[in-house]
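Below is one structure, written out as structure tokens; the observations come after it.
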Amino acid sequence: MADGSGSVTLIFYRVGKEWWKEPALNLLAAAAQRSAYTHVELAIGEDALDDGSMTNVVRIFNDPAGVEITSRTGRNPLYSYVSLGCSKNAERRMLAYARQQIGKPFSNTGMARSLIWPRQTTGDSFFCAELVAAVLKVGGLMCDAIFKPTRSPHPHALHPAFSC
């Protein structure tokens with residue numbers, strides 16, 4: 001690519017064998033999707049900390065922090081990783097967009113609704129897959145050919161779309 005090659009890594013969480021230890025929201029999401037995948041995050045770029053942890057991990061949980069950019073060790077066996085190539089320019093656009101989202105709240109209703117009635121986010125709040133899809137769109141990695149705009153994104157739909 002003319003501006004150098006970059007990458008992003010999709011980080012998928014799945015419910016493990018000890019499912020009874022999972023938060024109720026994870027179990028509800030898994031049951032509604034008929035999938036073990038209940039959460040997704042996105043690491044932008046290949047920068048790493050001294051201990052090898054991924055940096056620039058964009059994520060949101062159902063907690064007061066809302067959207068955040070953090071690091072992740074990559075050592076939890078319940079997570080799987082899918083790396084995608086992109087341009088350095090796409091990396092910069094995605095990271096800049098992600099930084100603008102920091103602190104925006106998790107949407108419980110958006111997540112619950114996405115499983116039965118799609119919503120088009122206004123960008124005021126997100127659930128995990130919606131945030132990841134929005135960041136990927138800014139980088140040109142998420143298009144209508146990959147995911148129909150008439151459906152809300154969720155981890156179960158994103159995983160097969162990118163892990164071929």
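The values are calculated or read from the model by the stated rules, or taken from the named source; none is laboratory data. Treat the numbers as computed from the prediction; the structure is a model and nothing was measured. Side chains included, ligands, DNA and RNA excluded: accessible areas come from the protein's heavy atoms. Shrake-Rupley method; radii C 1.70, N 1.55, O 1.52, S 1.80 Å.
Numbers for the structure displayed
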read-out	value
Cut-off under 5 Å, modelled amide H: who pairs with SER87 long-range	GLY6
222 nm mean residue ellipticity, helices alone, for the chain (DSSP H n ≥ 4; -39,500 (n - 2.57); rounded to 500)	-9000 deg cm²/dmol
Listed residues GLU46, GLU41 arranged by accessible area, highest first, probe 1.4 Å	GLU46, GLU41
Cα-derived Rg over Rh, computed across the stretch 1-125 with Rh taken as Kirkwood radius	0.98
Shape parameters for the stretch 10-71, alpha-carbon atoms, Rg then Dmax in Å	13.5, 39
LYS21, LYS104, ranked by accessible area, largest first (probe 1.4 Å)	LYS21, LYS104
Within straight-line cross-link reach of LYS88, aspartates and glutamates at Cα separation under 18 Å, skipping those fewer than 8 residues along the same chain	ASP3, GLU46, ASP47
Gyration tensor over alpha-carbon atoms, the stretch 1-42, equivalent ellipsoid semi-axes in Å	32, 10, 7
Highest-fluctuation residue, ALA112, ALA134, ALA24 considered, GNM on the chain with Cα pairs under 10 Å	ALA24
